[in-house]
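Everything on this sheet refers to the single structure shown next.
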Amino acid sequence: MYKILVTGGAGFIGNHLVKALLNDPLAYVVIMDNMSSIDFSRLPDKNIPNWEFIKGNANKYEDIKSVFQQHSFEYIFHYAAFVGVEQNLKQPVSVFEDLKGIEYLLQFSIKHQVKRFIYASSSEVYGNSPSFPQYEDSTPLNARLPYGAVKATGEAFVRAYQQQFGLPYSIFRFFNVYGSTQRHDFVMQKFLSAALKGENLYIYGDGQQKRTFCFIDDATQTVINAYRNPEAENLIMNVGNSKEYTILQLAQYIQKVTGAKSSIIHKDRIRKEEIFRRLPDNSRMKRFLQRPLTSLEEGIKKMIPSSVYKSTLLPK
């Protein structure tokens, strides 16, 4: 049996990862989370034997030290982060605390001879790119918001520890992942929740910002297939779909599939550094996923009750 630490393992992407890891009877998963924005219902079933939960802050040295004193890990998944546009706008300084956690975890990984350090990065590292699609190795990183800047700096830390100390890594840059258990301040859940309640859908600006949407099962399976694969060692990988939609198209589509009576309301922009387009080159992801990606239609269908879902084509 090999031990795995997942920081932020009760968060949205983290809890799906944990459940997938637990399908392996040889894996023992330790979930570390400060439970600041979620509840204990995110944790796995108590009848599953090969996991435990430790409440702790992944940015605090003593909390990390305590976990490593209790366990010897072979793989570290660092998914804990100060996430959410609204939170980052209200508390832009707070996100820089994440840099401490990254460094502490890397230090303990070296000391305890971890086999691979897996870091959850973000499409935010690209900022407003000059060209598309965005390639892992050649597209410049242009993050200007604190969250993206911290993720980019975190990547630099991970690569530096590999270069100086030989710590193997895999870095995954997630692009607009959506699915069940996601918080309601993210666009997909925000629109779905409002539509199912008959409330208006609010869009900032004209809604022509372009996004790709990656279903959580695709993101999770890609990571599961890659994290122990030698071909993914010391590799950075975009994890996202390559089909683009505007935010306005997404709102219109959700209106149709839910039969919502709500209206689409445009509001002024809330931030100056708006990222207008995200489009990953996902060639590496597809090589590891080894199956077609989930379409937006199918992903949304899995998120809402079948009694509500109305089959319709996405707007072109």
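The values are calculated or read from the model by the stated rules, or taken from the named source; none is laboratory data. Because the structure is a prediction, the values reported are computed rather than measured. Methodologically, a virtual Cβ is constructed for each residue, glycine included, from the backbone with ideal geometry; neighbour enumeration extends over all protein chains shown.
For this structure, a couple of remarks:
- Meeting the requirement of 2 or more residues that are farther than 30 Å from G166 by Cβ, the helices (runs of 4 or more DSSP H) wholly within the range 213-316 are 216-226, 247-258, 296-303.
- Yes/no for E274 being surrounded by fewer than 19 Cβ atoms within 10 Å (Cβ to Cβ), over 25 Å from Y147 (Cα atoms) and out of contact with any Pro (no Cβ under 7 Å at 6 or more places or on another chain): no
- Note on the range 40-59: residues that are over 21 Å from the mean Cα position of the chain (by Cα) and touching a residue at least 40 places away in the same chain (Cβ under 8 Å) total 1.
- Qualifying residue in the range 112-127 (condition: closer than 25 Å to T220 by Cβ, acidic (D, E) and crowded, with 18+ Cβ neighbours inside 10 Å): yes
- For the range 35-47, filtering for residues that are exposed (fewer than 13 other Cβ atoms within 10 Å of the Cβ) and modelled with pLDDT of 80 or more leaves 3.
- Subset of the range 53-77 that is out of contact with any Gly (no Cβ under 7 Å at 6 or more places or on another chain) and within 14 Å of E103 (Cα to Cα) - its residue that is surrounded by the fewest Cβ atoms within 10 Å (Cβ to Cβ): E62
- Considering (1) touching a helix residue (DSSP H, G or I) at 6+ places or on another chain (Cβ under 8 Å); (2) at pLDDT 95 or above, the lone condition that E62 does not fulfil carries the number (1).
- Of the residues making up the range 92-102, those that are touching a Phe, Trp or Tyr at 6+ places or on another chain (Cβ under 6 Å) and within 13 Å of I76 (Cα to Cα) number 1.
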